[in-house]
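Input: a single structure, listed below in structure tokens.
The values are calculated or read from the model by the stated rules, or taken from the named source; none is laboratory data. The shown structure was predicted, so the numbers you read here are calculated from the model rather than taken from an experiment. With ideal geometry, Cβ positions are generated from the backbone for all residues, glycine too; neighbour counts draw on all protein chains shown.
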Amino acid sequence: MTPRATDSVTLVEVAPRDGLQHENRVIPTDLKVAWIDALSKTGLPVIEVTSFVRPDRIPQLADAEEVMDRIMRHPGTRYTALVPNLHGLERALAHRPDAIAVFTAASESFNRHNIETGIEGAFERMTPVIAEARRRALPVRGYLSTAIGCPYEGWIDPARVAALTERLFDLGVDEVSLGDTIGVGTPKQVRTLLDAVGARVPLARIAVHFHDTYGQGIANVLTAVEAGIRTVDASLNGLGGCPFAPGASGNVATEEVVYLLEGMGLPTGVSLPDLLATGDFLRPALTHSEMSRLAHVPRTSRWLDPGRSGRDSTPGCSVLD
């Protein structure tokens, strides 16, 4: 699909939740708040701040209430939170999320490792959460993990993913984010998946969430955007991984997605230089090394300007360059 002049892409920044949950060292709350405040100033339209899960399951996010209360909410940015069940929703509601997210997986085995119940049990938990959120006119996103491959079951049938996606919409979610949780997908598999899903639900309501374990993240984003996807999840510095998915590495890096999309003429509204500076801000506190290639680019590079000439023309070069 050739992007139209009116097209834009909504980025969902998941680093504060999905990115940090895999960090071994607990990041101090003060630092988290300052970092999220810095993210807010980059122009990101959506930031997933935290998750209201049991603190013993993910200690990194045990300060969910305090973080949600202390962040400075920037006009034009939506601040969301993940909730596992009705109790998590009740905790979240007291701290004013702009939207909530619920989750399941397309793999029975992954669900049991991750949330200690199967697919049907996950839907039983989600149903009252979605109903209550809708009663309160609170937007709901549905995450569908292991949409391409599972560490326990192998490749996932796209038809199963399509059916589960449709089922999530039938429950009342506003958007479904399809996740390649272990990062094994390639562009061909992404296209096959989106063809199957798009045959049952509008792709305008689908987001993609790619991990970069096998170096396919940015190529998969390109494939999804060319298929018509206009909402992309990403994580600053390529942070992330999943405690319940052996071998999974970080998410596709937000800065690399911004560079790609702006270069395609698909505006994101995000300042790439500000984004990189925000990544630099947190890096000393992290135990995992950053994965973003753009993190190594000199900050004085003229190619970091969203209006770079390379978007519209190919600069000349000589054999002496």
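Being crowded, with 24+ Cβ neighbours inside 10 Å, free of Cβ contacts under 8 Å to residues at least 60 places away in the same chain, more than 23 Å from Leu275 (Cα to Cα) and not small (Gly, Ala, Ser) holds for only one residue in Val83, Val102, and it is Val83. In segment 89-97, the count of residues that are within 26 Å of Val161 (Cα to Cα) and either modelled with pLDDT of 95 or more or touching a Gly at 6+ places or on another chain (Cβ under 7 Å) (or both) is one or more. Going through segment 192-229 one residue at a time, which ones are surrounded by fewer than 19 Cβ atoms within 10 Å (Cβ to Cβ) and not in a helix (DSSP H, G or I)? Correct list: Ala199, Arg200, Val201, Pro202, Tyr214, Gly215, Gly228.
Would a scan of segment 114-121 turn up a residue that is modelled with pLDDT of 95 or more, of a type outside the set (Lys, Arg) and either under 20 Å from the mean Cα position of the chain (by Cα) or under 25 Å from Asp30 (Cβ atoms) (or both)? No, the conditions are met nowhere in segment 114-121.
Which members of segment 108-165 meet the condition of being touching a residue at least 12 places away in the same chain (Cβ under 8 Å), closer than 30 Å to Tyr79 by Cβ and among the β-branched types (Val, Ile, Thr)? Selection gives Ile115, Ile119, Thr127, Val129, Ile130, Val140, Thr146, Ile148, Val161, Thr165.
Among the residues of segment 185-234, those that are touching a Pro at 6+ places or on another chain (Cβ under 9 Å) and among the β-branched types (Val, Ile, Thr) comprise Thr192, Val197, Thr223, Val225. Taking the listed residues Leu294, Leu239, the one that is at pLDDT 90 or above and out of contact with any Lys or Arg (no Cβ under 6 Å at 6 or more places or on another chain) is Leu239, with no other qualifying.
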